[in-house]
Structures are given as C-alpha cells and as structure tokens.
Amino acid sequence: MRKINFENHFTVDRNSSEPVYQQLVEAVLYATKTGLMDRGDRLPSINELSRLYAVSRSTIEKSYNNLRDMGILASQHGKSYYINRLDPAPELKVLVLFNQLNEYTKVVYDALTARIGQKAEIDFQIYHNSAAHFRAIVRRKHASCSHIMVIPHFLDDPEGGSQVLDRMPKDKLIVLDKEVPGLSGCFGTVYGHFSTDIDQAIQELSPGLRKYQCVNLIFPAHTSYPGTLPEAFARACTKRNLVCRVSADLTKDMVRDGEAFIVVSDAQLMFLVREIINSSDLVAGRHVGIVSYQDNDAKKAMLNGITTISSDLKAMGKSAADMILTGVGRHVANPFSVIQRRSL
C-alpha cells in the first residue's frame, strides 16, 4: 500500500474564503480524478496532517469524515486512512430484498438496474422466503440506505414478515409484486391486481376454456401468489358458466381428457407436460388445456407453445426505478397480459 506524500498534492490557502477542511476534500477529489492518487493509496494520519499544516485535528478529521461519507476514503482500526474508491459513492443507496433469485425476479432486477444505471448504488440481498432472515438483513442494513425495495413473500412466518415491513421507514420503502394487507403509511408500491387480472384473463380465455368439461386451478398451500386468487378464479368461472375446481396438488389421475389446468408454479407445469408427453392418448390443446403463470422462452417452445398469464416484470422494475430517481413514492398497478398459444 503506497503512502501519499501530501505536500506534493495540497497547500493550505489561508486567504481563501473556502474552509480548510473543504480545501482538503477538494484536493483529494482532484487527485483521485486525475490519477495522482489510486485505489489503495494510504493517506497520512489525522495527527500527521494536523502537524504538517498547523491546523487543528478537528479540521482534518472533518475532511476525512466527509471523504469517508462519500465512499472515497476508508479506514481500518489502528491504521491510517486509504483511498477506497476513485469517484464519490452515489447518494442513492438502494437495498434490494428479493425472496428468491429466479428467471422472473432477474427480469425485474435487470430492468431496475438498466433504468438506474450509475445513479444509485445497489445492495442486492436474497432472504429465501424467511421472515427471520429478512428481519436480520433489515436490522443490519436499513440505516445506511436511501431506499429499500422488497418482494414480500414470507413462507415461514407471513405475519412476522409483515410486521417488519410495517416498522420500516415508509419514505424509504418500495414494495413490489403484491399488496400487503394492513401495511400502513405512505410508501411506494408496484403491485399485481391478481383478483382483477384473473377475471380479465378468464374472460379472454373463455372461448378456449369452453372446450373442456372442467377448468382446474392448481394452487399449492405454499405459494407466493395471494390467497385471494382461488376465490377470484371461482367467481370468474361461475360468471361465465364454466365448471371449475381448485386443488392444492396436481396428481397423475387428474390429467385426463376434457380437463383444463391453470398452474401457478413451473414445477406443476413440468409435471403436467411430462404426463401429456408420456401419454399416447392426450394432446395439449385438444384433450387437455394448459395455462401457466409467467411467460418465458421455454414456454414459447414447450408443446408448441404454452398459453400464459403474465405480469409485466420489466415494467415493474422500471416503475420502481422511477420512484427512486424522482424521490416520489406512488401506488402503481402493474400491467399484465394473456398470451394465447396452442396449449389451450
């Protein structure tokens, strides 16, 4: 670690209207921008600079603290300060807390970062659907962030996770994907209107669904989708005179001629596809109907195309980024689409 000879970079101008501490800050910023100082270079201690320039320790300490707040300087216990980064850290520091990392949350994250660019520093964390893990991350990191973005799916303790959310500073909070019942205060959110969306989706899909004797929603006990979805699905089907059924699991004997399935998990979809492929009597779109939640490239090709109900995940990430960049939290209903393919 190279030690910087400060006399080569900085001279105190005692006739300047600019305070000495700010002169020192500007000198270090100039040196890092022009290559005179590099990452890892060690600066003199506060006592050394205080003696060198005959200024108070508090003046040097104030300069170093300002540079540390910018992220330019860092220090270790018992050691002098060193150059940590060459450009000031962005004022916007976003803690992103996703329940899991998969191809869908990656789309949201990529849209967020593409919109923000270099205007914010992002700390990305996965809490694995655990309210306890979520609580620990928030406790450790929330104070240093300007914004906290959360996809709130707590499979182990939904109430505990919601309580952590409710205690968070709402001017920092942006909630994605779904509405959280009972969450108070003024916060930003980009949410899916799942109950309204399923009604509209059944309306669009009803011509294809009428070919089948029964429409099945497979809705597992543990899922990230809101518990209101099955009831909204049943209402939507009843309104259109479609026979329907809600099941927590998908079994082999359910996959038979005359049945249509709306599945919310990709694991259920793969089970259903395997059963149809292994059967010599069933053809997707003729004997068995399939609708899956959330589109991707694989579903475009699978069985000549799987019909999907999809949230606009890119729009979700962009809307959240706009709230961060503008500093204005809003409640935004995220758009969705129905993509009809040959599986229905």
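The values are calculated or read from the model by the stated rules, or taken from the named source; none is laboratory data. Model, not experiment: these values are computed from the prediction. Methodologically, a virtual Cβ is constructed for each residue, glycine included, from the backbone with ideal geometry; neighbour enumeration extends over all protein chains shown. For accessibility, only protein heavy atoms count, side chains too; no ligands or nucleic acids. Shrake-Rupley method; radii C 1.70, N 1.55, O 1.52, S 1.80 Å.
Which of the residues spanning the range 98-138 are part of a helix (DSSP H, G or I) and open to solvent by less than 30 Å² (accessible area, probe 1.4 Å)?
Thr105, Val108, Ala111, Leu112, Ile116, Ala131, Phe134, Ile137, Val138
Does the range 3-15 hold any residues that are out of contact with any Leu (no Cβ under 6 Å at 6 or more places or on another chain) and open to solvent by less than 40 Å² (accessible area, probe 1.4 Å), and which are they?
Phe6, Phe10, Val12
Just to verify a result, which residue in the range 201-245, among those that are open to solvent by 70 Å² or more (accessible area, probe 1.4 Å) and of a type in the set (Val, Ile, Thr), is nearest to the chain's Cα centre (by Cα)?
Thr228
Results for (1) among the small types (Gly, Ala, Ser); (2) under 29 Å from Ile151 (Cα atoms), shown as yes or no for each residue.
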position: Gly188; (1), (2): yes, yes
position: Gly192; (1), (2): yes, yes
position: Glu204; (1), (2): no, yes
position: Phe219; (1), (2): no, yes
position: Glu231; (1), (2): no, yes
position: Ala234; (1), (2): yes, yes
position: Leu242; (1), (2): no, no
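Please return the ranges of strands (runs of 3 or more DSSP E) entirely within the range 150-234 where 2 or more residues are in contact with a Lys or Arg (Cβ under 9 Å, 6 or more places away or on another chain).
Here the list reads 188-191, 214-218.
Regarding Lys141, is this residue surrounded by fewer than 21 Cβ atoms within 10 Å (Cβ to Cβ) and over 30 Å from Ile339 (Cα atoms)?
When the stated conditions are applied, Lys141 passes them.
Among the residues of the range 235-264, count how many are part of a loop (DSSP other than H, G, I, E, B), of a type in the set (A, V, I, L, M) and over 14 Å from Ile202 (Cα atoms).
4
Here is a list of conditions, (1) open to solvent by less than 10 Å² (accessible area, probe 1.4 Å); (2) farther than 28 Å from Tyr104 by Cα, and Val273 meets all of them except one; can you say which number that is?
Only one criterion in (1) open to solvent by less than 10 Å² (accessible area, probe 1.4 Å); (2) farther than 28 Å from Tyr104 by Cα is unmet by Val273, namely (2).
Given (1) among the hydroxyl-bearing types (Ser, Thr, Tyr); (2) more than 25 Å from Asp156 (Cβ to Cβ); (3) without any contact (Cβ under 8 Å) to a residue 40 or more places away in the chain, identify the lone condition not met by Thr228.
That leaves (2) as the condition not met.
I'd like the residue in the range 289-308 that is touching a Ser or Thr at 6+ places or on another chain (Cβ under 8 Å) and more than 18 Å from Phe271 (Cβ to Cβ) and, out of all such residues, is most open to solvent (accessible area, probe 1.4 Å).
Per the criteria, the residue is Asn304.
Does Ala236 fit the bill of being at pLDDT 95 or above, over 30 Å from Leu173 (Cβ atoms) and not β-branched (Val, Ile, Thr)?
So Ala236 fits the description; yes.
Being open to solvent by less than 40 Å² (accessible area, probe 1.4 Å) and either over 17 Å from His331 (Cβ atoms) or modelled with pLDDT of 95 or more (or both) narrows it down to one of Leu155, Leu165, Leu183, Leu173, so name that one.
The unique qualifying residue is Leu173.
Would you tally the residues in the range 246-270 being over 19 Å from Ala284 (Cα atoms), open to solvent by less than 80 Å² (accessible area, probe 1.4 Å) and not aliphatic (A, V, I, L, M)?
1
Which of the residues belonging to the range 309-342 are of a type in the set (Gly, Ala, Ser), surrounded by 19 or more Cβ atoms within 10 Å (Cβ to Cβ) and part of a helix (DSSP H, G or I)?
Residues satisfying the conditions are Gly317, Ser319, Ala320, Ala321.
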